[in-house]
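Peer 1: Below is one structure. I have some questions about it.
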Amino acid sequence: MEIAEELAKHQKAISVAEFFEKNRQILGFDSAPRALITTVKEAVDNSLDACEESDILPDIFVQIKRRGEGFRVVVEDNGPGIVGSEVPRVFAKLLYGSRFHALKQSRGQQGIGISAGVLYSQLTTGRPTAVTTKIGPTHSAGRWELMINTATNEPEVLKTEETDWDRPHGTRVEMEMEGSYVRSRRQSIYGYLKNVAIVNPHARITLVEPDGNVEVFERATDQMPRPSYEIKPHPLGMELGGLIKMLRYTEKKKLKGFLQGTFSSVGAIISSEICERAELDPEMAPQDLTHAEATRLLAAFKGMRLKSPPTDCLSPIGEELIRAGLEKEYRVDFVATATRPVAVFSGNPFQVEVGLAYGGELKADGKVDVLRFANRVPLLYQQGGCAITHAIENVSWKSYSLSQPGGGVPTGSAAIIVHIASTNIPFTSESKDAVADVPEIVAEVELGLKEVGRKLRRYLSKKSALSERKEKEEIIRKLLPRISKKLAELLERDEPDINPVVAKIMGNLLVRRSVVSENGKTAVTLLVANYGDAVRAFKLHETVSVEAGSVEPPARVIPLGDGYDHLWKVSLRPGEKQKIRYTVPSEGVSFSEPVVEGVPSELVSGAKAVG
Amino acid sequence: MKEAAVTKERLLGLAETLYDQFEKGIVPYLALPSRTKRNIEYDQEGEVWVYGDQESVRSVKTVRGAKSVLKTSYLVELLINEHLKNNRGSTLREIYYISENWDVAKFGEQAESDRLVEDLEILTSLLREDFHVRPEEDGATVFGPLTISEKTRRGERTIHCQEDVGEAGYQIPFNVDNVEFKDHDAKFVVAIETGGMHARLIENGFDQEHQAILVHLKGQPARSTRRIIKRLNEELNLPVVIFTDGDPWSYRIYASVAYGAIKSAHLSDYLVTPAAQFLGVQPTDIVNYDLSTDKLTDQDLQALRSELTDPRFATDYWKEQIQLQLKLSKKAEQQAFAGKGLDFVTRVYLPERLSEMGMI
């Protein structure tokens, strides 16, 4: 026998289930803590997707119980339930699902998630997964015990029965598995659900932890997210193999009709232009295209100026709900949000939303928290390899008042949240931990970050102007008077007049009177100085018990009952000073404090301010 | 030491400067030389390192500056009305505690009050002894053929630093200027970083055999230690060598004795012994004597690199030694000589190094 024939004996097909049995890390089951998180994540994603499709406000219950060496994971929802005949394949057949072929924004896509959890459960404990589901109040609930036949990737139903369930509709999954429960880190079930709650403010999620502790992530809105729609593929997103497959299996009879009916952004005019460019007959049957002709057709796609794909297929969270979600889970001083317009990469529409929370309970030391989301699903692992992180690192945060020692993720008491919504999120791997570095996505994320960065800078500069004013108040009210008192005590002199110094520090208008007596006459000088950075125009009143003489510049004099009000109109540019002089007899004259009319009192030193 | 009257006058002068600034409408400030590595320069005349022209200004424009000026006024008041008037004194630590009653002028930590005392020294060109402020730490100990007399509160004592003292040696008071040198039979002074090596030299009778005065530095030396070394060098005309571990931190000990410390460069004239020579452990000794070593840590490497930009180490000798050590990436302790026998350091290493340096 030839060697090749010998070898051929050993070659056989591998089932998908067997493949994943040996490569569990691909699906996110590579460590004990992570296996639990991934299972909960897949079940919760399914529940949220199902509720949204049925317009039901999600109410999700998650319980983790210790069971011997391992754990029992229960996830229950109030979703639409699952038709009995579908249950075994939904849970116990890999790559079975409703969303893989649909171009639509949804959490799950491949139909691997929950069945991978079932597989992991049976691999580590040998026990079946129990599913209870009910599709409406008039139906009875069904209960299944399921396993996956790993050789054939077909479900095995161990037991099925009708049962009573007090929910009107919903689904409950219970499985046992090896794992380890951690709480403290962000990469934990608690951390995951907290992040889910931030971007799904319409959901209520209850978590019962192994020690019996109950955490409720309450809903922040009763408003369902905008439903996402299924769209046709965009020509720019096509690859040759996909195109050939679509050509072969289409029901359309003519190439022209195929192009119009299959793709988005393609109408009658565009479709005939494509055919012209590809030098193909619009009337020919799509099934008859040769490989070379299909290649020309694809090339024609790329050369066209096409409208962007429709964007209403996406369901962004919205700035208001991002804010509500952040404020619900974090106590912070400030939140900025930004929603970018819909953009396109390789024919796939996508939209970026960014939120930035600042201050409050967020720790000031260390890197800022980065919360990454794709289609409302938190991404917990491989932060360093993610396009979102790279975009954050590309931004120069110093210009937005966050320090960024040595580049990279900035530091400070802030949290950055980035959500990417798309019909097709380009992940770096099947475990969906990180978004691939697609230039269009990185650029959009950067623009969103800069937008919230600008808002943060504005907020902080306003805040620092306020605190600067506060600091100055402390100096003039608390510190300067004490310094002058202490110095006067030491030198055994009168306390110095601190008004000129106060005026300079505060940028105020200063009025200072100095008096010199000589030859039975008293010469008075009023110094008026503007230390502020704006022009000050005001009236200065000097009330003296007698009428003043040699007044320079001249004043308007208004006799009062017990004295005379001398009035000057003064206008001073920033930094300008003026001296006013007059004389009075040395005996029997009394002054009152000078009055400034027309400058707010906190901007005046050494005089009384009146409106 | 200055007369109390002079001290009081200078402190009041400081208060008057601030008072006048208020009167003239100048926002009050105090200007001090900035006490950083970049602002020390070599003074040709005194052969020591002193502060340059860069100033740091403490203005009441900021809360920090205003608090600092307020604390200065409180401290000046304490020094005049408590210390000078009643001929009392406080330790640096006591000053920190006294400030408990100063309300917003209270010191946050002792380092702050220590610094402010140094600031006052600079602003008045006086010494903290003039303010009757004492350090916490003990002075160094001296062992060797030297007779001194010390003015104590209980009268004058005359002490021979070998015959009248125990194994620990003569402990110098914090105010070294109360000590007078009476007589000596010494040829040179060895200042030693560690207590272990100090004791080794005494046990091996190095002081007797070589007529050496041994001064224990106790790590980074106190002011009094540096002052007594300077006086031994200048008044008795004795050469001084410094014997430390072979690592970057020990070179700084040498630098503070021979060139002055960055923090107290204003006292360089009073504390620094420019003639002091570095004995070892040199990086070249690590190679020549094949000493047991430790690997340099990241901090060590950083300290060595920082010394390469320190003006005090900008000589060919130090550049060569530091570059060599960076290449070796190793350091050695003084006590590493014990690996060659307890007598090796006094029989072989010190005599070899000292004759190399022309001391014996």
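Peer 1: Would you check which residues across the stretch B:48-101 are part of a helix (DSSP H, G or I), small (Gly, Ala, Ser) and in contact with a Ser or Thr (Cβ under 7 Å, 6 or more places away or on another chain) and list them? Steps first, please.
Peer 2: Here is the first cut: in the stretch B:48-101, the residues part of a helix (DSSP H, G or I) are B:63-86, B:92-101.
Now narrow it down to the ones that are small (Gly, Ala, Ser): B:65-66, B:68, B:73, B:99.
Once the filter is applied, which keeps residues that are part of a helix (DSSP H, G or I), small (Gly, Ala, Ser) and in contact with a Ser or Thr (Cβ under 7 Å, 6 or more places away or on another chain), the stretch B:48-101 yields B:65, B:99.
Peer 1: From the list A:589, A:570, A:584, A:596, which residue is part of a loop (DSSP other than H, G, I, E, B) and touching a strand residue (DSSP E or B) at 6+ places or on another chain (Cβ under 7 Å)?
Peer 2: Only one candidate passes the filter, namely A:589.
Peer 1: Show the residue pairs that are 6+ apart or on different chains and have beta-carbon atoms under 7 Å apart, the first residue being within the stretch B:48-74 and more than 7 Å from chain A (Cβ to nearest Cβ), the second being of a type in the set (A, V, I, L, M) and assigned to a loop (DSSP other than H, G, I, E, B).
Peer 2: B:48/B:272; B:59/B:27
Peer 1: Given the options A:82, A:37, A:60, name the one that is at pLDDT 85 or above and part of a loop (DSSP other than H, G, I, E, B).
Peer 2: A:82
Peer 1: Output the residue which, of all residues in the stretch A:218-245 that are of a type in the set (A, V, I, L, M) and within 20 Å of residue A:326 (Cβ to Cβ), is surrounded by the most Cβ atoms within 10 Å (Cβ to Cβ). Outline the logic, then answer.
Peer 2: First, the residues of the stretch A:218-245 that are of a type in the set (A, V, I, L, M): A:220, A:224, A:231, A:236, A:238, A:240, A:243-244.
Filter again for within 20 Å of residue A:326 (Cβ to Cβ), leaving A:220, A:224.
Working: A:220: 22, A:224: 14.
Looking at the filtered set, the residue picked out is A:220.
Peer 1: Go through the stretch B:17-47 and give me each residue that's farther than 30 Å from residue A:470 by Cβ and within 14 Å of another protein chain (Cβ to nearest Cβ). Give the derivation first.
Peer 2: Here is the first cut: in the stretch B:17-47, the residues farther than 30 Å from residue A:470 by Cβ are B:33, B:35-47.
Within the stretch B:17-47, no residue meets the criteria.
Peer 1: Going through the stretch A:1-27 one residue at a time, which ones are small (Gly, Ala, Ser) and at pLDDT below 70? Even if it seems obvious, please write down each step before you answer.
Peer 2: Looking only at the stretch A:1-27, we keep the residues that are small (Gly, Ala, Ser), and these are A:4, A:8, A:13, A:15, A:17.
Once the filter is applied, which keeps residues that are small (Gly, Ala, Ser) and at pLDDT below 70, the stretch A:1-27 yields A:13, A:15, A:17.
Peer 1: May I ask you to list pairs of residues, at least six apart or on different chains, whose Cβ atoms are under 7 Å apart, with the first in the stretch B:132-148 being hydroxyl-bearing (Ser, Thr, Tyr) and the second being assigned to a loop (DSSP other than H, G, I, E, B)?
Peer 2: Short answer, once both residue conditions are applied: B:141/B:168; B:141/B:169.
Peer 1: Looking only at residues in the stretch B:4-43 that are of a type in the set (Gly, Ala, Ser) and in a loop (DSSP other than H, G, I, E, B), which one is nearest to the chain's Cα centre (by Cα)?
Peer 2: Among those residues, the one meeting the criterion is B:34.
Peer 1: For the stretch B:76-101, which positions are in contact (Cβ under 8 Å) with a residue 60 or more places away in the chain and away from chain A (no Cβ under 11 Å)?
Peer 2: Listed by number, the residues that qualify are B:84, B:87.
Peer 1: Look through the stretch A:207-250, keep the residues that are of a type outside the set (Gly, Ala, Ser), without any contact (Cβ under 8 Å) to a residue 12 or more places away in the chain and in a helix (DSSP H, G or I), and return whichever of them is nearest to residue A:440 (Cα to Cα).
Peer 2: Within the stretch A:207-250, the match that is nearest to residue A:440 (Cα to Cα) is A:245.
Peer 1: Okay, next question. Could you list, in sequence order, the residues of the stretch B:239-294 that are assigned to a loop (DSSP other than H, G, I, E, B), free of Cβ contacts under 8 Å to residues at least 24 places away in the same chain and closer than 24 Å to residue B:54 by Cα? Can you show your working first?
Peer 2: Quick first cut of the stretch B:239-294, residues assigned to a loop (DSSP other than H, G, I, E, B) only: B:239, B:244-245, B:247, B:259-264, B:272-276, B:281-282, B:289-293.
Then keep just the ones that are free of Cβ contacts under 8 Å to residues at least 24 places away in the same chain; that gives B:261, B:290.
Correct list: B:261 only.
Peer 1: Of all residues in the stretch A:244-283, count the ones that are under 12 Å from residue A:298 (Cα atoms) and at pLDDT below 85.
Peer 2: So the count comes out to 0.
Peer 1: Give the residue that is surrounded by the fewest Cβ atoms within 10 Å (Cβ to Cβ), with candidates limited to residues of the stretch A:126-144 that are of a type in the set (S, T, N, Q) and more than 17 Å from residue A:47 (Cβ to Cβ).
Peer 2: Initial filter on the stretch A:126-144 (of a type in the set (S, T, N, Q)): A:129, A:132-133, A:138, A:140.
From what's left, more than 17 Å from residue A:47 (Cβ to Cβ): A:138, A:140.
Values: A:138: 7, A:140: 10.
Restricting to residues being of a type in the set (S, T, N, Q) and more than 17 Å from residue A:47 (Cβ to Cβ), the top hit is A:138.
Peer 1: Restricting attention to the stretch A:480-511, report how many residues are among the charged types (D, E, K, R) and buried (at least 21 other Cβ atoms within 10 Å of the Cβ).
Peer 2: 1
Peer 1: Between A:463, A:455, which is more than 21 Å from residue A:602 (Cβ to Cβ), away from chain B (no Cβ under 11 Å) and surrounded by 14 or more Cβ atoms within 10 Å (Cβ to Cβ)?
Peer 2: One residue alone meets the criteria, A:455.
The values are calculated or read from the model by the stated rules, or taken from the named source; none is laboratory data. Computed from a prediction, not measured in an experiment: that's the story for all the values here. For neighbour counting, all protein chains shown are included, and Cβ atoms are generated from backbone atoms with ideal geometry for every residue, glycine included.
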